[in-house]
Amino acid sequence: MIPTTDRLDQGLIVSVQAPQGSPMRDPQVIAAMAEASLRCGAVGVRLESPEHIGAVRRRCPDALIIGLWKCTFPDSSVYITPGWREIQTVWSAGADVIAIDATARPRPERQELEDLIQRARVELRAPLMAYVDSVENGLRAA
């Protein structure tokens, strides 16, 4: 559920993540940390991986979840929700907003950012959040 603009303007979205190899990188641990953040006043959480998104959605069904999936590919340096499969998976896991890399760097399998944005809007009706590295790329993503 996306909160009102007034609530977002005055609120904090907490990034609840743990790197690969960390003992904290467990869906139940991430879900507990997300719940603690929300109970302490966060208006939403930013989560990485379908497993963590799903765990938080089950534990905190009304939470605003910004979801992403960090994936690496040999043909691209883009790793934040880089392609259509990752977008679909993050959405299916329970994200309210999908965070994607919106830089001009080449994407895996030669996917085009414009096509991914269009498909997310039309096929999923999903709100997107763009990670950009310039004003030009921000405008292009918008």
*In what sequence, largest accessible area first, do 89, 103 appear using a 1.4 Å probe?*
89, 103
_Rounded to the nearest percent, how much of the accessible area of the chain (1.4 Å probe, protein heavy atoms only) is carbon and sulfur?_
54
*In debye, nearest 20, what is the charge dipole magnitude of the chain about its Cα centre with +1 on Lys and Arg Cβ and -1 on Asp and Glu Cβ, if you could check?*
280
*Order the peptides 80-86, 65-71, 118-124 from the highest to the lowest mean number of other Cβ atoms within 10 Å of their residues.*
65-71, 80-86, 118-124
*Under unit Cβ charges (Lys, Arg +1; Asp, Glu -1), what dipole magnitude, rounded to 20 debye, does region 60-142 have relative to its Cα centre?*
60
*Under a Cβ-Cβ cut-off of 15 Å, what is the net charge of the residues other than residue 104 that fall near it, where Lys and Arg count +1 and Asp and Glu count -1?*
-2
_Using only the Cα atoms of the chain, what are the Rg and Dmax in Å?_
15.0, 42
_Could you sort 75, 9 by their accessible area in this structure, using a 1.4 Å probe and putting the largest first?_
9, 75
*By the scheme Lys and Arg +1, Asp and Glu -1, what is the net charge of all other residues having a beta-carbon under 11 Å from that of residue 70?*
-3
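The values are calculated or read from the model by the stated rules, or taken from the named source; none is laboratory data. This is a predicted model, so every value here is computed, not measured. Neighbour counts are summed over all protein chains in view; Cβ atoms, including those assigned to glycine, are modelled from backbone coordinates with ideal geometry. These accessible areas exclude ligands, DNA and RNA; they are computed on the full protein's heavy atoms, side chains included. Shrake-Rupley method; radii C 1.70, N 1.55, O 1.52, S 1.80 Å.
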